[in-house]
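Student: Next up is a structure, given as structure tokens.
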Amino acid sequence: MQVTTFAAVYIGSYDIILEVFEISKKTGITRTDTIRHRLELGKEVIASGKISPETVDELCEILRDYRRIIDGYSVDGLRVIASSALREAQNNLFVLRKIQLLTNFNVEILSNSELRFLNYKSVASIESRFNQLIEKGTAIVDLDSGSIQISLFDKNALVNTQNIRIGTLRVRERLAQVARETTDYTVLVEEFIQNEISSFKKMYLKDRKIENVILLGDVFTWPGVRQMNLDITSPTMNREEFQQWCKRLSDASPYELSMQFGLSQEYASLIIPAAIIYQRFVQELGAANIWLPGEDIVRGLAYEFSEQKKLMKVRHDFENDIIMAGRHIAKRYAVNKAHADNLDLTAMALFDASKKIHGRGTRERLLLKLAVMLHDVGKYVSFNSVADTNYNIIMANEIIGLSHAEREMLALITKYNTQEFPSYEELSYESSISEHQYLVIAELTAILRMANALDRSHKQKVQSIRAVLKEQKFTVTLQVNQDYTLERGTMDDKLEFFSDVFGIMPELKIRREG
């Protein structure tokens, strides 16, 4: 039996975690080693905005030890990621450079949507249980130090995801001063978070029925805290059992929790706001069943590695979840669905047929599909500044599974669908894109512009499309059901831009049905 060894390091807000996994088609993902080292990066960043030299030295020492352990395993794959603590530190570039020099680790600082997607994959790795739950209305409530992510599923698909900046550490630090003046800390926290919970419920739940809640987050992956599940029969509870369990936690003091479960008071002081936040969300969601799978983001990395290397058969369609998240945004901003569906038909055909001249893969195809869905969201706000509003709306809406860089690329593709396309020097002045990303943006914009022009009247005249690239000749044959004079007459500048980007001029052939 062939076994692949994978190691992952997670630089979190509270812990630096190393986990080693063995992966095989027969046994799946098996955790063989776990090491956690306590380090309060999140607290330090919230307090001062950066990581002190002393803490950087301690971090590097921990990572040097992890490097020696990993080298002893002779791993087949390795990934090192960091969370919001390092992402929000003002001196993060200096920290990353020192880590690279002293440990030879190349650390990826992931965006919130990427981190949440990995957490979600960690649960999906328990496929039989996960797939069974999301057949019916299910919410994943993922709480970390800085925020909470609520993802709603139904009929085996993601239907909505939102991030709210009420995390355990953020709540505790914001209320630290006023907490000394109250005798009921639970009420204080509930009042602090209630407006966000009520707004979420009003905007995104409405008539949606949630039967199951899956709870994820930093709190319920700590080894000491997970022991608190020992007084219940399983990690699955009904709502009443869960509410009682949370109440026991929130009614205790940090000192009492630290003594009872052998935790530091620092850990214990975060359990209390976590229990209150979870309890309020479960109450508002109204779910009957609560599941605490106890998996963490590092297992999500192992699962993603297995996907990429095709080491396991993955039954859940994660790309479809990203598409569904984009579709939900399009619906919220009243995008013309018939027009977008017709654009998807033509844009995907153009992308696939021209692959020999652009060489892009499935990830770029996904970005184009999302750009097609979202290219007109700005019209919901203003018909006179659609391009800029497109950009602002997309940048303001997280799409789970996309990195920040990919979301910015997507926003720029939709912006320059109608605005003059700038030079790299101009675009890099106002954004953080690389030359490689600039080329991808240009290529996908050229395809989107051409596809959009093919349905200029928004009457979906194109019934079918056949695009063929042969011997530097790109022929696009359209079967249409109505007069095509408008589209044909307003396409020259779109074809010219396509030619500028790809070095080849498309030749249109129009065939009228009947």
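Student: Probe radius 1.4 Å, ligands and nucleic acids ignored: give me the carbon and sulfur share of the accessible area of the stretch 46-130 as a rounded percent.
Tutor: Values: 1950 of 3850 Å².
Roughly 51 percent of what the probe reaches on the stretch 46-130 is carbon or sulfur.
Student: Mind giving me the FRET efficiency for LYS25 and GLN283? R0 is 25 Å, r the Cβ-Cβ distance, nearest 0.05 is fine.
Tutor: On the way: r = 42 Å, r/R0 = 1.68.
With a Förster radius of 25 Å, E is 0.05.
Student: Compute the orientation-averaged projected area for the stretch 376-445 from the convex hull of its Cα atoms and round it to one decimal in nm².
Tutor: For the Cα atoms of the stretch 376-445, the hull's average projected area reads 4.6 nm².
Student: Residue by residue, what Karplus-based ³J(HN,Hα) values in Hz, rounded to whole numbers, does the stretch 265-272 have, using 6.51, -1.76 and 1.60 with θ = phi - 60° and x for Gly and Pro?
Tutor: 5, 5, 4, 4, 5, 8, 4, 5
Student: What is the percent of Cα-Cα separations in the chain that go past 35 Å?
Tutor: 42 percent
Student: Another question, then. Would you mind finding the longest exposed-site-free stretch of the chain, with exposed GluC sites (Glu not before Pro) meaning DSSP loop and at most 10 other Cβ atoms within 10 Å?
Tutor: No qualifying site falls inside 182-419, the longest such stretch.
Student: Can you give the extra length, in nm with one decimal, that the chain gains between ASP33 and LYS473 once fully stretched, where that is 0.36 nm per residue apart less the Cα-Cα distance?
Tutor: 152.8 nm
Student: In a shell of Cβ-Cβ distance under 13 Å around ILE69, excluding ILE69 itself, what net charge do Lys and Arg (+1) and Asp and Glu (-1) give?
Tutor: 0
Student: Something else about it: Could you tell me the center-to-center distance, by alpha carbons, between the stretch 324-384 and the stretch 160-187 in angstrom?
Tutor: About 39 Å separates the Cα centre of the stretch 324-384 from the one of the stretch 160-187.
Student: Round to the nearest 10 and give me the degree value, 0 to 90, for the angle of helix 92-103's Cα axis relative to the longest principal axis of the chain.
Tutor: On a 0 to 90 degree scale, this one is about 70.
Student: Further, regarding this structure: Taking LYS136 as the anchor, which lysines have their alpha carbon closer than 26 Å to its alpha carbon, excluding any fewer than eight residues away along the same chain?
Tutor: In chain and number order, the partners are LYS121, LYS155, LYS201, LYS202, LYS206, LYS209, LYS313, LYS331, LYS337.
Student: Label 7 Å along Cα→Cβ of LYS356; the stretch 471-514 residues with amide nitrogen under 20 Å?
Tutor: Correct set: 471-478, 498-509.
Student: Another question, if that's okay. Applying 1/(1 + (r/R0)^6) with R0 = 56 Å to the Cβ-Cβ distance of LEU101 and ASP492, what FRET efficiency is obtained, to the nearest 0.05?
Tutor: The value I calculate is 0.55.
Student: Let me ask you something else. Any chance you could get the radius of gyration and Dmax over the Cα atoms of the stretch 425-476, in Å?
Tutor: Values for the stretch 425-476 (Cα only, Rg and Dmax): 15.3, 41 Å.
Student: Next question. With N residues in the stretch 65-158, what two-decimal value do you get for its Cα radius of gyration over 2.2 N^0.38 Å?
Tutor: Compactness ratio reported: 1.39.
Student: Here's another thing I want to ask about it. Of all trypsin sites (Lys or Arg not before Pro) in the stretch 1-87, which ones are in loop regions per DSSP and have a Cβ with at most 12 other Cβ atoms within 10 Å?
Tutor: Qualifying residues, ordered by number: LYS26.
Student: Working from the alpha-carbon coordinates of the stretch 411-514, get Rg over Rh, Rh being the Kirkwood radius. Don't jump to the answer; show the numbers that get you there.
Tutor: Details: Rg = 15.2 Å, Rh = 14.8 Å.
Taking Rh as the inverse mean 1/r over Cα pairs, Rg/Rh reads 1.02.
Student: Sticking with this one: Considering every pair of different Cα atoms, what Kirkwood radius, in Å, is found for the stretch 358-486?
Tutor: 15.9 Å
Student: Further question: Could you check what % of the DSSP bridge pairs in the chain are antiparallel, to the nearest 5?
Tutor: If we restrict to bridges inside the chain, about 65 percent are antiparallel.
Student: Taking a probe of 1.4 Å, how large is the accessible area per residue of the chain, in Å²?
Tutor: 45 Å²
The values are calculated or read from the model by the stated rules, or taken from the named source; none is laboratory data. Given the structure is predicted, the values throughout are model-derived calculations rather than measurements. Cβ atoms come from the backbone with ideal geometry, glycine included; neighbour counts cover every protein chain shown. To get the accessible areas, we keep the full protein, side chains included, count just its heavy atoms, and leave off ligands, DNA and RNA. Shrake-Rupley method; radii C 1.70, N 1.55, O 1.52, S 1.80 Å.
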